[in-house]
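For reference, the structure discussed in these notes is given below.
Derivation of every value follows stated rules applied to the coordinates shown; laboratory data play no part. Because the structure is predicted, anything quoted here is derived from the model rather than measured. Quick reminder, even Gly has a Cβ in these numbers, built from the backbone with ideal geometry, and neighbours come from all protein chains shown.
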Amino acid sequence: MALLSQIYSLDNPVFTAYIFYTSILLLKMLFMVFIIGSQRIKKGIFVSEEDKALHPKAKIRHDDPDIERCRRAHQNDLENIPAFILAGALYQLTSPSAWLAIQLFRFGTIARIVHTFVYAIVVIPQPARAISFLVSYAITVYMLVQTILYVL
Ligand SMILES: N[C@@H](CCC(=O)N[C@@H](CS)C(=O)NCC(=O)O)C(=O)O
C-alpha cells in the first residue's frame, strides 16, 4: 500500500492531474461570479438597496431571467464541484489505475465546463445540460463507490 506522502505528491502523475483539473474547476466556479456581476452592471439590476449606490439607474430585482440563469448555473456548480473534488481526493487512496483516474478527472472537468457553457453562456437546448451534468455526477458517484468498496 502506497504511503499518503507518495499518493499526494507532485511526483505522482495522478495527483498532478488532480491538482491541475481541480484548479481549473475552481477557477471556472469563481468565473461565475464575474459573469453574474458583469450582467448586473450591464443591466443595472442589483439585489440590495445599498447596491443602488453602484449604478446611476440601478433597479432592485430578483427575477431577471438572464441573471437568474447564471445564478442557477453557479448554484449547480456549488452543489456538484466540491463533491467532485472531495471524491477525487478520496478515490486516489484506492490505488486506482493511473490512466483511468486521470480520464475521470479530465472528463469530469470538461463536463462541468460544458454544463456552464450550455446553461449560462450560449443556452443550448436539452438534453445538452442534462448529459453534461450526468457525466460529472456519474464520475463523482463512481469514485465514491470505489472508495467505499476499497475500505470495506
Ligand atoms: N438542484 C438541481 C438538482 C438536479 C440537477 O442538478 N439537475 C441538473 C441536470 S437537469 C441541472 O443542471 N439542473 C439545473 C439547475 O440546477 O439549475 C435542480 O434543482 O435542478
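How do the peptides 101-111, 32-42, 2-12 rank, highest first, by the average count of neighbouring beta carbon atoms within 10 Å per residue? Intermediate results must be reported in sequence, preceding the final value.
Working: 101-111: 20.0, 32-42: 14.5, 2-12: 11.6.
Final packing ranking: 101-111, 32-42, 2-12.
Test of understanding: ordering VAL145, VAL14, VAL135, VAL151 by Cβ neighbours within 10 Å, fewest first, what list do you get?
Values: VAL145 12, VAL14 23, VAL135 17, VAL151 8.
Exposure proxy ranking, most exposed first: VAL151, VAL145, VAL135, VAL14.
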Along the dipole axis of the chain (charges at Cβ: +1 for Lys and Arg, -1 for Asp and Glu; origin at the Cα centre), the most positive-end residue among ILE131, SER95, PHE105 is ILE131
Interchain or sequence-distant (5+) residues whose placed amide H lies within less than 5 Å of the amide H of ILE45 are LYS59
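Return LYS57, LYS43 ranked ascending by Cβ neighbour count within 10 Å, so the fewest neighbours appear first.
Numbers: LYS57 8, LYS43 16.
Ascending number of Cβ neighbours within 10 Å: LYS57, LYS43.
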Take the stretch 19-152, drop everything but the C-alpha atoms, weight them equally and run the Debye formula without solvent; then report log10 I(q)/I(0) at 0.12, 0.19 Å⁻¹ to two decimals. -0.55, -1.01
Can you spot the lysines whose alpha carbon is less than 23 Å from LYS52's alpha carbon? Ignore those fewer than 8 places along the same chain. LYS42, LYS43
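If the only charges are +1 at each Lys and Arg Cβ and -1 at each Asp and Glu Cβ, what is the size of the charge dipole of the stretch 12-151 around the Cα centre, to the nearest 20 debye? Display every interim value, and only then the final one.
Working: 14 positive and 9 negative charges, 72 e Å.
Dipole of the stretch 12-151, to the nearest 20 debye: 340 debye.
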Distance-filtered residues of the stretch 95-127 - backbone nitrogen under 16 Å, label point 7 angstrom along LEU4 Cα→Cβ: 95
Cα centroid distance between the stretch 17-51 and the stretch 52-94, in Å? 7 Å
The relative contact order of the chain, taking Cα pairs under 8 Å that sit 6 or more residues apart, comes to a percentage of 26 percent
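Between ILE24 and ARG61, what length in nm is gained on full extension when 0.36 nm per residue of separation is reduced by their alpha carbon distance? Show your work: numbers first, answer last.
Numbers: separation 37, 0.36 × 37 = 13.32 nm, distance 3.18 nm.
Fully extending the segment from ILE24 to ARG61 adds 10.1 nm.
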